[in-house]
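Have a look at the structure below before the remarks.
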Amino acid sequence: MLAAVVASVMLLTGCAAPVQGPEPLEDPSISADLKSFYTQSVSWSACGGEQTYCGEVEVPLNWQDPSAGSLTLAVAYRKADQAESLGSIIFNPGGPGGSGYSWIMNSAEQLGTDTLRNSYNLVGFDPRGVGASEPTVKCLNAKDTDDLLYGQNDAELNSAEDIALTRQAYRIFADACLANTGPELAYIDTVSAARDMDILRAVFGEEQINYLGFSYGTFLGATYAELYPARVGRMVLDGAIDPTKSDEEQSIGQLVGFDQALKNFLADCLETSDCPFTGSMSSALSQISALLLKLEKNPVATQDGRELTIWGAITGMIMPLYSQGYWPYLSQAFSELKSGDGTTFILLADTYNERDETGKYGSNQMEANVAISCLDSRSASDAVSMATQNAIALEASSVFGRYWQNGALGCEMWPFPVAERPESYAASGSKTILVIGTTGDPATPYADAVALANEVLENAQLVTWNGEGHTAYGQGSKCIEQVVDDYFIKDAVPTEDPNC
């Protein structure tokens, strides 16, 4: 097997003549060895859509030794509609490995609300290791990536032979990442990326950062807040991660989240006449488990000639659980699978993996996700620790637990040690940070948002959205939109959870 699912490049081309962009902020408190980074003037050029500009920002390769070289980050921003903006908001779409640069280039009008876009410049960037920024993590070719994400070996699932083959596969993957990316692979941890954001803050002329982070972007934002609490302006963390949890705890938290999302899907499905399952919730879960067990031994055909394996199916199940709007596709996928057709399931997996119909991958998000995650934290991979974690997973989900085994193998072979990270994420002395949690969020469970707002951060306000899916702002809740926009534009902090 290939333990659990490994989780989601634009190039700087076609740019026009340079334009006058933001002026960097002069800050006498910045040390001499970092001054050139903080005061750099970026050459901005029109690109992408209207009011969109692109540039490159230099950051230190090694923040512990700024003289050791530099990396180039791809940065894009959409200029505010109004002539006198309220400033700039730096945003991160998640991941790790998500491209904020390509989002601004291609989808800026879907970021935030009309009100937010009217008032602020919206800044997206590719963090180190991601997309068009250096060092872009490169690992396997498309065919070998297919084998990693969609293939399966002939061993009994979770057997000693299966674990040995999985270790071998991850060794090949890690070696390829190092060979094709280079030694800079050691410097793409989240702490370094958070420090990079402080340079972006200065480059955009802001004394304090304004920030909007989704999913993993909440971890990046919380890390920044701990490193630079006095430089936090208005910060929204949506789909929050509790950064104090261990890798093992995060994994089980997500497992429980997706298990609940599957049950929420089934509760809705069983009320309809065309649901592919019948009977009680327990019966429907058992029917799904039976389908998956059969798939372990007998992959099914798809219309594009590929076979749907158990790992393609698990990914295809997880993808539509991120949003209630995708639930009809999950029903269709199960209906097809019951008749021996894996087409919709593999298309859902392709969407998750950003694989197009020609077999090409649209970004390096999967590779960057693994690389950054393995530098940030790791689960213990000794036999006793994995057996304990495996037992917890089996208890946590009757459907997914069997496929959430031996996850520690994913980082066991990584060629660099875990990077240093803060002991605390209290961000003592910061301004009030908004933490948004969605009650039905499978990927970043609501409990993480509650913990981050009420226990981890010293100054934070929890904002709850009672809904399904991953993250809340921009998902159609007028209540959430009003709270976030008022916070950014009027500096209005709710006195209590609005419980949207």
Give me the residue from the stretch 296-328 that is hydroxyl-bearing (Ser, Thr, Tyr) and assigned to a helix (DSSP H, G or I) and, out of that set, nearest to residue 345 (Cα to Cα). 315
List the residue pairs whose Cβ atoms are under 8 Å apart, where the first residue sits in the stretch 162-188 and is over 24 Å from residue 152 (Cα atoms), the second is open to solvent by 60 Å² or more (accessible area, probe 1.4 Å), and the two are 6 or more positions apart or on different chains. 180/138; 181/138; 184/134; 185/178
Only residues that are under 16 Å from the mean Cα position of the chain (by Cα) and closer than 22 Å to residue 69 by Cα: list them for the stretch 189-230, please. 189, 190, 191, 193, 194
Going through (1) farther than 20 Å from residue 369 by Cβ; (2) open to solvent by 20 Å² or more (accessible area, probe 1.4 Å); (3) out of contact with any Asp or Glu (no Cβ under 7 Å at 6 or more places or on another chain) one by one, residue 264 fails only at (3)
Per-region count, the stretch 435-463, residues under 14 Å from residue 500 (Cα atoms) and within 20 Å of the chain's Cα centre (by Cα): 7
Checking residue 186 against (1) in contact with a Phe, Trp or Tyr (Cβ under 6 Å, 6 or more places away or on another chain); (2) farther than 30 Å from residue 316 by Cα; (3) buried (at least 22 other Cβ atoms within 10 Å of the Cβ); (4) not basic (Lys, Arg): exactly one of these is not met. Which one? (3)
Among the hydroxyl-bearing types (Ser, Thr, Tyr), under 14 Å from residue 193 (Cα atoms) and open to solvent by 30 Å² or more (accessible area, probe 1.4 Å) - does that describe any residue in the stretch 65-77? yes
Could you please let me know if residue 373 is open to solvent by 20 Å² or more (accessible area, probe 1.4 Å), under 29 Å from residue 236 (Cβ atoms) and touching a Cys at 6+ places or on another chain (Cβ under 9 Å)? yes
Which residues, counting only those in the stretch 105-130, are modelled with pLDDT under 95 and small (Gly, Ala, Ser)? 107, 108, 112
Can you give me the number of residues within the stretch 138-155 that are open to solvent by 40 Å² or more (accessible area, probe 1.4 Å), over 12 Å from residue 310 (Cβ atoms) and part of a loop (DSSP other than H, G, I, E, B)? 3
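Conditions (1) surrounded by fewer than 24 Cβ atoms within 10 Å (Cβ to Cβ); (2) closer than 19 Å to residue 419 by Cβ; (3) of a type in the set (D, E, K, R); (4) touching a His at 6+ places or on another chain (Cβ under 6 Å), marked per residue:
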| position | (1), (2), (3), (4) |
| --- | --- |
| 195 | yes, yes, yes, no |
| 200 | yes, no, no, no |
| 203 | no, no, no, no |
| 208 | yes, no, no, no |
| 215 | no, no, no, no |
| 220 | no, yes, no, no |
| 224 | no, yes, no, no |
| 230 | yes, no, no, no |
| 233 | yes, no, no, no |
Looking only at the stretch 25-47, decide whether some residue is open to solvent by less than 80 Å² (accessible area, probe 1.4 Å), of a type outside the set (A, V, I, L, M, F, W, C), at pLDDT 50 or above and under 19 Å from residue 85 (Cβ atoms). no
So residue 84 fits all but one of (1) open to solvent by 70 Å² or more (accessible area, probe 1.4 Å); (2) closer than 29 Å to residue 471 by Cβ; what number is the exception? (2)
Can you give me the number of residues within the stretch 337-360 that are open to solvent by less than 60 Å² (accessible area, probe 1.4 Å) and not polar (S, T, N, Q)? 12
Whichever residue in the stretch 297-336 is of a type in the set (Asp, Glu) and at pLDDT 95 or above and, among such residues, is most open to solvent (accessible area, probe 1.4 Å): 307
Can you name every residue in the stretch 124-137 that is more than 11 Å from residue 193 (Cα to Cα), in a loop (DSSP other than H, G, I, E, B) and within 18 Å of the chain's Cα centre (by Cα)? 131, 132, 133, 136, 137
Residues to consider are 237, 293, 255; find the one that is surrounded by 18 or more Cβ atoms within 10 Å (Cβ to Cβ) and either in a helix (DSSP H, G or I) or among the basic types (Lys, Arg) (or both). 255
Residue identified as modelled with pLDDT of 95 or more, under 16 Å from residue 435 (Cβ atoms) and of a type outside the set (Val, Ile, Thr) among 227, 220, 255: 220
Checklist (1) open to solvent by 10 Å² or more (accessible area, probe 1.4 Å); (2) assigned to a loop (DSSP other than H, G, I, E, B) applied to residue 102, failing item: (2)
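The values are calculated or read from the model by the stated rules, or taken from the named source; none is laboratory data. Only a predicted model underlies this, so the values are computations on that prediction, with no experimental measurement involved. Using ideal geometry, Cβ is built from the backbone for each residue, glycine included, and neighbour counts are taken over all protein chains shown. In case anyone asks, the SASA skips ligands and DNA or RNA and just uses the protein heavy atoms, side chains included. Shrake-Rupley method; radii C 1.70, N 1.55, O 1.52, S 1.80 Å.
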